[in-house]
Amino acid sequence: MGAGRLYGAVAAGGFRRYATYRVATAAGVFTNTVFGLILVYTYLALWDEKPHLGGYDQAQAVTYVWLGQALLSTLALGGGGVETELMERIRTGDIAIDLYRPADLQLWWLSADLGRALFQLVGRGVVPFVFGALLFPTALPQDPLTWAAFLVAVVLAMVVGFGVRFLVALSAFWLMDGTGAQQMSWIVGFFCSGMIVPLNVFPGELGDFVRMLPWSALLQAPADVLLGEAGAWSTYAFQAGWAVVLLTAGRLVQVAATRRVVVQGG
C-alpha cells in the first residue's frame, strides 16, 4: 500500500471510529446547541450595549457564536482529540508498538485526527450551526466561493490544532503524566482562539499579540474568512506558516522522544 493510501485509510478509520458513538454524538449536538443559545443571548446583550464591537455587527457576532460551537469539537479545543490516546500510549509504553510500525508516527496520528475532525464537523457541528442560522439573524455569505474558501481555512485550522496538541502529547515522554500540560493547553486555547470572545474585541497591543499566536488560526481565522473580514490567501498563508512551524517542532521533539525511548528501553 502506498503512503498516501495508508494515511488515507488511517483517516477513514478515524472517521468511522467516531461515527460509531451515536449517543455521544447526539449528546454533543444537544450540548453545543444549548451552550450556543446561552452565548448568543450573552452576545446580543453585549452588542446591544456596544454596537459594532470588534468591527462585527450583531448578525456577525451571532454567526461567530454558532461557528464556534460547530468547530469546538472539530478542533478539539476543549479536548477530545487523538492526543489523549497518544498520551496514554506513551504512559503505558504502548508507544513502542507505534514506533515499530512501517509508518511515520506524526503522520499516522495526524491522519487519525483529521478523520476524527471531519466526522465531528459533519456529525456534531452542522446541526447546531444550522439551528442557529434558522433561529437568529446571521451574516452568512451567498457566494459559494466564500464557503469553499472557508472550508479550506477550516482544514488548515485542523492541521494547526493537531500541531499544537501533538506537542502537548509528546510532553508525556518527559512528564509521564501530561494531564497538567493538557489542561493548560485547553485554557490557553479557549482564551487565545477566540472561543470566549472574538479576538477582534481584545484591545490594543494585547489584541495584536494574541492574533499573532497559532491559536488565532483555529477559530478566528476561518470565521473572518466566512464573515468577509479577511482575505482568503493571507489567512491561508498565516495558517500554513504556523502549521509548518508546529509540525516541524513536533518532528524535532518526536526525534528527541524516540531517542529517549531507545535509551530507556535499552
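One table, with the values for the structure above:
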item	result
Surface accessible to a 1.4 Å probe, per residue, for the residues of the chain, Å²	48 Å²
Global form of the stretch 1-106, assessed from the alpha-carbon gyration tensor, a/c cut-off 1.5	prolate
Candidates per chymotrypsin sites (Phe, Trp or Tyr not before Pro) in the stretch 1-79, loop by DSSP, up to 15 other Cβ within 10 Å	21
Max mean-square fluctuation residue, GNM over the chain, Cα-Cα springs under 10 Å, options 175, 151, 118	175
Ratio of Rg to Rh over the stretch 3-260 (Cα coordinates, Kirkwood Rh, two decimals)	0.98
Selected from 80, 203, 93, residue furthest toward positive end of dipole (the chain; charges at beta carbon)	93
Residue 184-residue 143 pseudo-label distance in nm [points 7 Å out on the Cα-to-Cβ vector]	4.3 nm
Fluctuation leader among 116, 89, 124 - the chain, Gaussian network, Cα springs under 10 angstrom	89
Point-charge dipole on Cβ atoms (K/R +1, D/E -1) for the stretch 3-260, about Cα centre, debye to 20	900 debye
Accessible carbon and sulfur surface of the chain relative to its total accessible area, %, 1.4 Å	70 percent
Rounded to the nearest 20 debye, dipole of the stretch 136-266 from Cβ charges on Lys, Arg, Asp, Glu	580 debye
Global form of the stretch 147-213, assessed from the alpha-carbon gyration tensor, a/c cut-off 1.5	oblate
Part-to-part distance (alpha-carbon centres) for the stretch 26-82 and the stretch 176-205, which is given in Å	15 Å
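The values are calculated or read from the model by the stated rules, or taken from the named source; none is laboratory data. Here the structure is a predicted model, which means the values were calculated and not measured. All Cβ positions, glycine included, derive from the backbone under ideal geometry; neighbour counts span all protein chains shown. Ligands, DNA and RNA are stripped out before the accessible areas are found, and what is left, the full protein with its side chains, is counted by its heavy atoms. Shrake-Rupley method; radii C 1.70, N 1.55, O 1.52, S 1.80 Å.
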